[in-house]
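The values are calculated or read from the model by the stated rules, or taken from the named source; none is laboratory data. Owing to the predicted nature of the structure, the values given are computational and were not obtained by experimental measurement. Here the Cβ positions follow ideal geometry from the backbone for every residue, glycine too, while neighbour counts run over all protein chains shown. In case anyone asks, the SASA skips ligands and DNA or RNA and just uses the protein heavy atoms, side chains included. Shrake-Rupley method; radii C 1.70, N 1.55, O 1.52, S 1.80 Å.
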Amino acid sequence: MGSGFKSPNYSRGLRSKALSIANAAALTEKMSSIFSEIDDPRVERNRVHLLTDILIIAILSVIAGAKGWEDMENYGFSKYEWLSQFLSLPEGIPCADTFRRVFERINAKVFEQCFRRWVESIVESVGAQVIPIDGKTLKGSYDRALGKTALHLVSAWSSQHRLVLGQVKVADKSNEITAIPALLELLDIAGCIITIDAMGTQTAIASQIFNAKADFVLALKANHPTLHAQVKDWFEQRLLQDFEGITHSYDERVEKDHHRTEKRQIWCVPVSELPPLHHQDDWVGLKCVVMVVRVRHLWNQTTREVQFYLTSLDCDGSKLGQAIRLHWSIENGLHWTLDVTFNEDACRVRTGHAPQNLSLLRRIALNALNLEQSFKRSHRQKSNRAAMDDNYMLTILAACLCHHNDALKASCQ
């Protein structure tokens, strides 16, 4: 009788069994140290469960697909025998209300500081790379009865490492213009290329990026009507003349995927070739203006889109085209994944600091899943396997915690 077929990941799965409870204890100890600055918000006489146990169960459960407090409790009960081997759990698994009350009260800013320190331990230097910055609204976090609007977060995304580098909450009755400078202040962006959509195309933000020894690529749209109209008219005229006599750089890319063909044409022109722009001196570091024409051929229609950009980079159409293209990685790699894999927009958590803290748990989980590369599957399949296989959960923790720590690395082998 034949022996049947073996999964290509069979031997890899056997190797994951080597991760022992001792390694789990070392990994959770490392995780506890990362979040050690978080103060327990509960009254001391009511502290039945340890804060570190609550945090670790919450993180593990979200990696495994938990969407809310009841899921965290269910994960804890389902994995109690395994968790009890390396967590204290003096009074067993916390109930759903305990998870809710704790995350409603945890200081969100301190939690985010711990998150950034963890990311910095993974990526000691972000290096020369494209860092898209964009905002996302948690649509389900509004509370109509209390007149509370939905939470809006601005995130920085590492296009090279596919990691969330940091996030900042947009203040109530404010917008991304105030949140983006606060986020930039928290990051070491020297040598990087910062890409931002039209909301962040502000002279003060451009100056902040340039003064931090980084470069910017900022989308220019109708929120700067005079400048946008001036640039649009100039490029339209020069395009008719095929840019004759104008110093410029041109690049063209064609991509075919999902029954769609997209052609992108990039024209980059030094700002010295254009007539004096509206308030040009206010744009510190401005070197070039870019026009991108995207023509998409779908099965039932053809669309054409023209977009303009301001940049401090040199006139190189290929490099600028790549940077502009990478900006969309924050939409596909972060925002889309949060909605599809973690159902973020459907989450109705909305009291206290809970929406912001739970959103950070999702970003911790997303980073962890991206760092684990041995199981070549989608985020959803990785999450499902982590929920079913405790050894694979330890593999994920090893991938995201065994960086720049030789003693811990040895325990993860």
Taking only pairs six or more apart or across chains, which ones have beta-carbon atoms under 9 Å, a first residue in segment 207-235 that is of a type in the set (S, T, Y), and a second residue that is surrounded by fewer than 18 Cβ atoms within 10 Å (Cβ to Cβ)? S207/D282; S207/V284; S207/G285; T226/H278; T226/H279
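Residue-by-condition table, conditions (1) under 30 Å from Q113 (Cα atoms); (2) of a type in the set (S, T, N, Q); (3) surrounded by fewer than 20 Cβ atoms within 10 Å (Cβ to Cβ):
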{"position": "D197", "(1), (2), (3)": "yes, no, yes"}
{"position": "H228", "(1), (2), (3)": "no, no, yes"}
{"position": "F235", "(1), (2), (3)": "no, no, no"}
{"position": "R238", "(1), (2), (3)": "no, no, yes"}
{"position": "F243", "(1), (2), (3)": "no, no, yes"}
{"position": "R253", "(1), (2), (3)": "no, no, yes"}
Return the pairs, sorted by first residue and then second, in which the second residue is outside any helix (DSSP H, G or I), the first residue lies in segment 39-62 and is hydrophobic (A, V, I, L, M, F, W, C), the beta carbons are less than 6 Å apart, and the residues are 6+ apart or on different chains. V48/E91; L50/S88; L51/D40; I54/P94; L55/F35
(1) at pLDDT below 95; (2) closer than 28 Å to N23 by Cβ: which one isn't true of F111, the others all being true? (1)
Taking segment 86-102 as the region of interest, how many residues are in a helix (DSSP H, G or I), surrounded by 19 or more Cβ atoms within 10 Å (Cβ to Cβ) and out of contact with any Pro (no Cβ under 9 Å at 6 or more places or on another chain)? 3
Options E29, E70: the member that is open to solvent by 60 Å² or more (accessible area, probe 1.4 Å), modelled with pLDDT under 95 and either touching a His at 6+ places or on another chain (Cβ under 6 Å) or assigned to a helix (DSSP H, G or I) (or both): E29
Being out of contact with any His (no Cβ under 8 Å at 6 or more places or on another chain), within 30 Å of A214 (Cβ to Cβ), at pLDDT 90 or above and open to solvent by 30 Å² or more (accessible area, probe 1.4 Å) is the filter here, so list the residues in segment 117-142 that pass it. R117
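Condition first: of a type in the set (K, R) and either touching a Phe, Trp or Tyr at 6+ places or on another chain (Cβ under 6 Å) or over 12 Å from F115 (Cα atoms) (or both). Now tell me which residues in segment 354-371 satisfy that.
The one that is of a type in the set (K, R) and either touching a Phe, Trp or Tyr at 6+ places or on another chain (Cβ under 6 Å) or over 12 Å from F115 (Cα atoms) (or both): R362.
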Among residues belonging to segment 308-347 that are surrounded by fewer than 16 Cβ atoms within 10 Å (Cβ to Cβ), polar (S, T, N, Q) and not in a loop (DSSP other than H, G, I, E, B), point out the one that is modelled with the highest pLDDT. S318
Is it the case that some residue within segment 153-168 is among the charged types (D, E, K, R) and within 13 Å of P132 (Cα to Cα)? yes
So V284 fits all but one of (1) among the β-branched types (V, I, T); (2) within 29 Å of K139 (Cβ to Cβ); (3) out of contact with any Lys or Arg (no Cβ under 7 Å at 6 or more places or on another chain); what number is the exception? (2)
Got a number for residues in segment 134-163 being closer than 17 Å to I364 by Cα and of a type in the set (F, W, Y)? 1
Looking only at residues that are part of a loop (DSSP other than H, G, I, E, B) and of a type in the set (A, V, I, L, M, F, W, C) in segment 143-182, which one is most open to solvent (accessible area, probe 1.4 Å)? L146
Just to be sure I understand the filter: pairs with C-beta atoms under 9 Å, separated by 6 or more residues or on different chains, first member in segment 333-359 and over 20 Å from S158 (Cα atoms) and of a type in the set (S, T, Y), second member open to solvent by 10 Å² or more (accessible area, probe 1.4 Å) and modelled with pLDDT of 95 or more. Which pairs pass? T351/R100; T351/E104
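Can you tell me which of L298, L274, L360, L286 is on the phi < 0 side of the Ramachandran plot and open to solvent by less than 10 Å² (accessible area, probe 1.4 Å)? Break it down stepwise before answering.
Numbers: L298 fails: open to solvent by less than 10 Å² (accessible area, probe 1.4 Å); L274 fails: open to solvent by less than 10 Å² (accessible area, probe 1.4 Å); L286 fails: open to solvent by less than 10 Å² (accessible area, probe 1.4 Å).
Going through L298, L274, L360, L286 in turn, the sole match is L360.
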Whether any residue in segment 369-391 is in contact with a strand residue (DSSP E or B) (Cβ under 8 Å, 6 or more places away or on another chain) and either over 19 Å from K67 (Cα atoms) or in contact (Cβ under 8 Å) with a residue 40 or more places away in the chain (or both) is what I want to check. yes
Give segment 32-67 a look and list any residue that's among the hydrophobic types (A, V, I, L, M, F, W, C) and not in a loop (DSSP other than H, G, I, E, B), or say none. I34, L51, I54, L55, I56, I57, A58, I59, L60, V62, I63
